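Structure, as structure tokens:
The values are calculated or read from the model by the stated rules, or taken from the named source; none is laboratory data. This structure is a prediction, so every number in the text was calculated from the model and none was measured. FYI the Cβ positions are ideal-geometry reconstructions off the backbone, even for glycines, and counts take in every protein chain you see.
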Amino acid sequence: MIIADKIKDSIDRASWIRKMFEEGARLCKQYGAENIYDFTLGNPTVEPPARFYQELQNLANHPDPGMHRYMNNAGYAETRRAVAGKISRTAPTPLEEDHVIMTCGAGGALNVTLKTVLNPGDEVIILAPFFVEYCFYIENHGGTPVQVWTNRETFQLDIAAIEAAITPQTRAIIINSPNNPTGVIYPESSLQQLGELLTKTRDKSGQRILVISDEPYARISYDGVTVPNIFNSIDDAVIVTSHSKDLALPGERIGYLAANPVMADVDLFIDGATFANRTLGFVNAPALSQRLVANLQDESVDIDAYQLKRDLLYEELSGLGFKMVKPSGAFYLFPRSPLEDDVEFVKRAQHHHLLLVPGSGFGAPGFFRIAYCIDLSIIERSLPAWRNLARDLGM
């Protein structure tokens, strides 16, 4: 076989999201795109903020000599300074540019961080429901993912379950808030409890466990809820994120990792992560994207538009009998499946031209995910299909 056994196995376990997206493309050809309601992929249809285009035009009209050459593998100093300044506003200890590395999106930041800290056989706790690529990223670097459920009613952190999952091999914990797929935000009180647990573990055995906070949705929150800065609660912490969602730039692959400046050996971690950024083949984050986002750290897509979509779908589906936690952020709903078999439910939904992702794809069978980052008109047109689906299931 021309490919590695490990890759063949990974393909067989590959993301349900992509599988359903591909099914959507097939159905669009068959029935017409206007008759298919595709809620599968977290690929925003909104355009970047106007300021983005202004920055892009300015760079095109006033190019700096050498602006497309190699730079420090960590990224441009001015961009890292801008990111550090943004994070420092809510951090207990100010960050400097040397605490930040620009990366090829959040996926790049996660892989760089995991390569930096994992030895073969180390374990990384991931919290269900979770973004399925976490498993592959961890395995990329010789680690073992350990799945731990959040509270199944609220999707909030289950500190006791996390504590029970910690072994001498535990090297890191990945948290994701606002969460994909649930939209839940972990409050500062929960993060404080997690920090206390990790401090107790360190004091008892000397074992340091890194918290990797995956935050691509951190600027997308509703109802006045804010996303706490993880550095207020945990010393051994790294933020990994991208501008794919907050600036609607998923195709530009621009993100960063930021280390808590009070973390012991923080300089050594940054040196290791810069080395990993280079040797993983990223070399550096895209030069043009770095220059663009340097002045966009306070910009965001229209959050009110996302909240309108959330409210419309949440109220409509709740009224039809679907049970779900109302999300505080991101752009997903994660209802319970009306059928015990969530894959079978998703297949039934396809009969009504509704494309959804089964919770099994997020380590959470019995649920399903709706991505509402699509045009409002599509959501509105889909409502009769949702009503027909509910009627078909006897809800």
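Look at segment 308-328: where a residue is modelled with pLDDT of 95 or more and a partner is in a helix (DSSP H, G or I) and not aliphatic (A, V, I, L, M), sitting 6+ places away or on another chain with Cβ atoms under 6 Å, you get K326/Y314.
Residues of segment 74-111 that are in contact (Cβ under 8 Å) with a residue 40 or more places away in the chain, part of a loop (DSSP other than H, G, I, E, B), more than 29 Å from V132 (Cβ to Cβ) and not aliphatic (A, V, I, L, M): Y76, T90, P92, T93, P94, E96.
Within segment 51-73, which residues are polar (S, T, N, Q) and part of a loop (DSSP other than H, G, I, E, B)? Quick ask: steps written out before the conclusion?
Just the residues of segment 51-73 that are polar (S, T, N, Q), to begin with: 54, 57-58, 61, 72-73.
Selection gives N72, N73.
When F282 is tested against the conditions (1) crowded, with 17+ Cβ neighbours inside 10 Å; (2) in a loop (DSSP other than H, G, I, E, B); (3) modelled with pLDDT under 95, the lone failure is (3).
Evaluate the following for R219: is it under 17 Å from the mean Cα position of the chain (by Cα), basic (K, R) and at positive phi?
On the way: under 17 Å from the mean Cα position of the chain (by Cα): yes; basic (K, R): yes; at positive phi: no.
The answer is no for R219.
Whether a residue is modelled with pLDDT of 95 or more and not in a helix (DSSP H, G or I) was assessed, and N180 passes this test.
Candidates in segment 350-370 are the residues that are of a type in the set (G, A, S) and surrounded by fewer than 23 Cβ atoms within 10 Å (Cβ to Cβ); of these, the one that is modelled with the highest pLDDT is G366. On the basis of being of a type in the set (G, A, S) and in contact with a helix residue (DSSP H, G or I) (Cβ under 7 Å, 6 or more places away or on another chain), does G366 make the cut? Spelling it out, G366 is indeed of a type in the set (G, A, S) and in contact with a helix residue (DSSP H, G or I) (Cβ under 7 Å, 6 or more places away or on another chain).
A quick yes/no check of all residues on (1) exposed (fewer than 12 other Cβ atoms within 10 Å of the Cβ); (2) among the hydrophobic types (A, V, I, L, M, F, W, C); (3) within 18 Å of D298 (Cα to Cα):
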site	(1), (2), (3)
S10	no, no, no
G24	no, no, no
Y31	yes, no, no
E34	yes, no, no
D64	yes, no, no
M67	no, yes, no
R80	no, no, yes
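So, of the residues in segment 122-151 that are in a loop (DSSP other than H, G, I, E, B) and at pLDDT below 95, which turns out to be surrounded by the most Cβ atoms within 10 Å (Cβ to Cβ)? I'd like the intermediate steps shown before the answer.
The initial filter retains those residues of segment 122-151 that are in a loop (DSSP other than H, G, I, E, B), namely 122, 129-132, 141-143, 150-151.
After this cut, where a residue has to be at pLDDT below 95 as well, the list is 131-132.
Values: F131: 24, V132: 21.
Filtering segment 122-151 for residues that are in a loop (DSSP other than H, G, I, E, B) and at pLDDT below 95, the one surrounded by the most Cβ atoms within 10 Å (Cβ to Cβ) comes out as F131.
Number of residues in segment 121-140 that are touching a Leu at 6+ places or on another chain (Cβ under 9 Å) and either among the basic types (K, R) or over 14 Å from Q169 (Cα atoms) (or both) equals 5.
Scanning segment 57-93 for residues that are out of contact with any strand residue (DSSP E or B) (no Cβ under 6 Å at 6 or more places or on another chain), at pLDDT 95 or above and charged (D, E, K, R) turns up E78, R81, K86, R89.
Entry remark, segment 145-166: residues being under 20 Å from the mean Cα position of the chain (by Cα) and among the acidic types (D, E) number 1 in total. Scanning segment 304-341 for residues that are of a type in the set (K, R) and either assigned to a loop (DSSP other than H, G, I, E, B) or surrounded by 19 or more Cβ atoms within 10 Å (Cβ to Cβ) (or both) returns K309, R310, K323, K326. Kindly evaluate E344 against the criterion of being free of Cβ contacts under 8 Å to residues at least 60 places away in the same chain and either in a loop (DSSP other than H, G, I, E, B) or not assigned by TED's automatic domain parsing to the domain that holds R219 (or both). Yes, satisfied.
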